[in-house]
Amino acid sequence: MTNIPRTHPRYNSLMLREKISYAMKKGLVHETGLIAHGRGEAFDYLLGEKTQPFAEDAEKVAVAALILARNPVISLNGNVVALVAKECISLSMQVPAKLEVNLFHRTDERVKKLVNILESLGAKEVYGSHADARIPGLNHDRGFCDKEGIFTADTILISLEDGDRCQALKDMDKEVIAIDLNPLSRTAKTAKITIVDNVIRAIPNIEKWVKVLKKKNKDELKSMVNSWDNNKMLKEALNFISQRLEKL
Ligand code: ATP
């Protein structure tokens with residue numbers, strides 16, 4: 001990786017770019033993953049590169065949904081593995097939830113590489129390489145998933161997801177939690193709970209809330225999930241961005 005001086009004012013952001021670009025060179029991230037990262041960066045800039053209160057609220061509710069789930073799955077793509085592989089593994093152990101590599105631009109080789117990396121970092125079982133089931137309504141290889149993983153999950157945490165697949169998962173009656181920095185994306189509008197935050201902050205924050213909310217009783221958690229108004233939160237995120245722009 002390129003040597004970025006720590007004193008650079010954009011050190012953290014540049015390091016993330018380095019991670020994504022390195023992962024692309026290693027065949028873990030598809031080239032379009034770089035473009036997706038750039039769009040995310042732009043929205044993160046508008047959001048002040050901090051977890052805003054509406055994201056913190058969504059993270060809490062997401063945790064309530066994950067704890068209540070019968071069969072929760074965390075879906076991982078190349079960008080997510082490049083940025084927060086260890087954090088996702090740790091979260092999966094805390095919930096507990098299954099991990100599945102699920103790619104938009106799927107190749108068996110890339111799935112295998114991502115599964116291997118996750119296993120080398122301590123993941124016990126990673127789904128995604130069997131591809132023995134299909135998400136109905138999605139043509140092309142992006143519809144493949146594991147029967148034991150995403151196909152039979154009741155709750156699924158997706159990040160940097162495509163709107164079509166988010167809708168197809170929702171059509172399968174799954175509770176979809178999405179991490180997406182763009183509050184205007186189809187995914188953000190389709191998910192039941194959208195976390196408008198960067199995965200690098202969202203995943204550790206979600207884990208922090210797992211430890212807290214595991215002590216609550218189920219009725220309390222159910223009422224958090226049932227009273228969640230995702231559209232209201234998306235409006236808050238957009239208002240936040242527009243007010244911030246007005247002040248700058
Ligand atoms: P949609 O189909 O939902 O409208 P899209 O086509 O705009 O989505 P994709 O390129 O499929 O977007 O997915 C990338 C999404 O992930 C973008 O909305 C981008 O803002 C978001 N994103 C990129 N990097 C991050 C990140 N590090 N953390 C959270 N979200 C991110």
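The values are calculated or read from the model by the stated rules, or taken from the named source; none is laboratory data. Fair warning: this is a prediction, and the values are worked out from it, not measured in the lab. Cβ placement follows ideal geometry from the backbone for every residue including glycine, while neighbour counts extend to all protein chains displayed.
Here are some notes:
- Qualifying residue in the range 142-151 (condition: more than 30 Å from Asn239 (Cβ to Cβ), of a type in the set (D, E, K, R) and within 16 Å of the ligand (Cβ to nearest atom)): yes
- Residue count, the range 1-41 (criterion: within 14 Å of the ligand (Cβ to nearest atom), under 17 Å from the mean Cα position of the chain (by Cα) and aliphatic (A, V, I, L, M)): 6
- Residue list for the range 105-144, filter: out of contact with any helix residue (DSSP H, G or I) (no Cβ under 9 Å at 6 or more places or on another chain) and part of a loop (DSSP other than H, G, I, E, B): His130, Asn139, His140
- Filtered residues of the range 201-224 (kept if among the β-branched types (Val, Ile, Thr) and either in contact with an Asp or Glu (Cβ under 8 Å, 6 or more places away or on another chain) or on the phi > 0 side of the Ramachandran plot (or both)): Ile203, Ile206
- Any hit, the range 23-41, residues being touching a helix residue (DSSP H, G or I) at 6+ places or on another chain (Cβ under 8 Å), over 27 Å from Ala123 (Cα atoms) and at pLDDT 95 or above: yes
- For the range 63-96, the set of residues classified as hydroxyl-bearing (Ser, Thr, Tyr) and in a helix (DSSP H, G or I) consists of Ser90, Ser92, listed by residue number.
- Cβ pairs under 7 Å, 6+ apart, first in the range 36-48 and touching a residue at least 40 places away in the same chain (Cβ under 8 Å) and more than 14 Å from Leu16 (Cα to Cα), second outside any helix (DSSP H, G or I) and among the polar types (S, T, N, Q): Phe43/Asn182
- Qualifying residue in the range 100-110 (condition: within 13 Å of the ligand (Cβ to nearest atom) and surrounded by fewer than 18 Cβ atoms within 10 Å (Cβ to Cβ)): yes
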